[in-house]
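**Q** Structure in structure tokens, see below.
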Amino acid sequence: MACRVYQEDSSVRTTSRFQVLDVTSIVEEAVSKSGIEKGLATVYVPHTTCGITINEAEPGLMEDIVEFLKEYTKPGAPWRHNRIDDNAHAHLGQSVLGHHVSIPVTAGRLNMGTWQRVLLVEMDGPRRRRIIITVMGE
Ligand code: ZN
């Protein structure tokens, strides 16, 4: 069977400066619409101040991720980028988290672990964030 590609440009609106959003259902829906049974789904955020990761959507952990990133990236610290734009911490956090994840698609569904969820990590909100989902396979 030939490889097929399905792509969807979706978006979410974040509501605070720091926020962890579970976007798994958006990805699941795209995989379902794609009709692809076996392959790979990639989730990409075309931004430099929010990241995407896979982890547990436990509310305490989601807050811990924010606290960890704040400690690690020190918002308000005298980063050089803060001279022109007060969000160096968010750019640094993005570089640590990355801007995409890949997930295997098996039997038409995301093949993730029981506790795994796709999490968008906002570090310079509130903003509208695009999420580009590409599903490739057969
Ligand atoms: Zn900036």
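**Q** Is there any pair linking a residue in region 47-64 that is in contact (Cβ under 8 Å) with a residue 60 or more places away in the chain and more than 18 Å from S10 (Cβ to Cβ) to one that is within 16 Å of the ligand (Cβ to nearest atom) and of a type in the set (A, V, I, L, M, F, W, C), with Cβ under 8 Å and at least six apart or on different chains, and which?
**A** Hits for this filter: T49/A90; T49/M123.
**Q** Tell me whether region 108-120 contains one or more residues that are surrounded by 14 or more Cβ atoms within 10 Å (Cβ to Cβ) and over 30 Å from G35 (Cβ atoms).
**A** No.
**Q** Could I ask something else about it? When region 54-94 is examined, which residues are found to be of a type in the set (A, V, I, L, M) and either buried (at least 19 other Cβ atoms within 10 Å of the Cβ) or within 17 Å of the chain's Cα centre (by Cα) (or both)?
**A** Within region 54-94, I54, A57, L61, M62, I65, V66, L69, A88, A90, L92 qualify.
**Q** In region 42-60, what count of residues is obtained for those that are within 21 Å of L110 (Cβ to Cβ) and more than 16 Å from the ligand (Cβ to nearest atom)?
**A** Total satisfying the criteria: 10.
**Q** To continue, here is another question. Please list, ordered by first then second residue, the pairs with beta carbon atoms under 6 Å, 6 or more apart or interchain, first in region 1-18 and surrounded by 11 or more Cβ atoms within 10 Å (Cβ to Cβ), second in a strand (DSSP E or B) and of a type in the set (S, T, N, Q).
**A** Cβ pairs passing all conditions: Q7/T134.
**Q** Scan region 95-107 and give yes if some residue there is modelled with pLDDT of 95 or more, over 15 Å from I133 (Cβ atoms), of a type outside the set (D, E) and within 15 Å of the ligand (Cβ to nearest atom), otherwise no.
**A** From region 95-107, those modelled with pLDDT of 95 or more are 95-107; that's our starting set.
Subset that is over 15 Å from I133 (Cβ atoms): 95-98, 106-107.
Checking which are of a type outside the set (D, E) leaves us with 95-98, 106-107.
Among the residues that remain, those that are also within 15 Å of the ligand (Cβ to nearest atom) are: 95.
Yes, region 95-107 contains at least one residue that is modelled with pLDDT of 95 or more, over 15 Å from I133 (Cβ atoms), of a type outside the set (D, E) and within 15 Å of the ligand (Cβ to nearest atom).
**Q** Also, I was wondering about something else. Applying the selection to region 65-94, what residues are among the charged types (D, E, K, R), under 19 Å from P126 (Cα atoms) and more than 16 Å from the ligand (Cβ to nearest atom)?
**A** Of everything in region 65-94, those that are among the charged types (D, E, K, R), under 19 Å from P126 (Cα atoms) and more than 16 Å from the ligand (Cβ to nearest atom) turn out to be E67, K70.
**Q** Same structure again: Please go through region 19-43 and give me each residue that is over 12 Å from the mean Cα position of the chain (by Cα), buried (at least 18 other Cβ atoms within 10 Å of the Cβ) and not in a helix (DSSP H, G or I), ordered by number.
**A** I36, G39, A41
**Q** Across region 1-18, what is the total count of residues that are of a type in the set (A, V, I, L, M, F, W, C), farther than 24 Å from E56 by Cβ and part of a strand (DSSP E or B)?
**A** Matching residues across region 1-18 total 1.
The values are calculated or read from the model by the stated rules, or taken from the named source; none is laboratory data. Bear in mind that the values here come from a model prediction, so they are computed numbers and not experimental data. Reconstructed Cβ throughout: ideal geometry from the backbone, glycine too, with neighbour counts over all protein chains shown.
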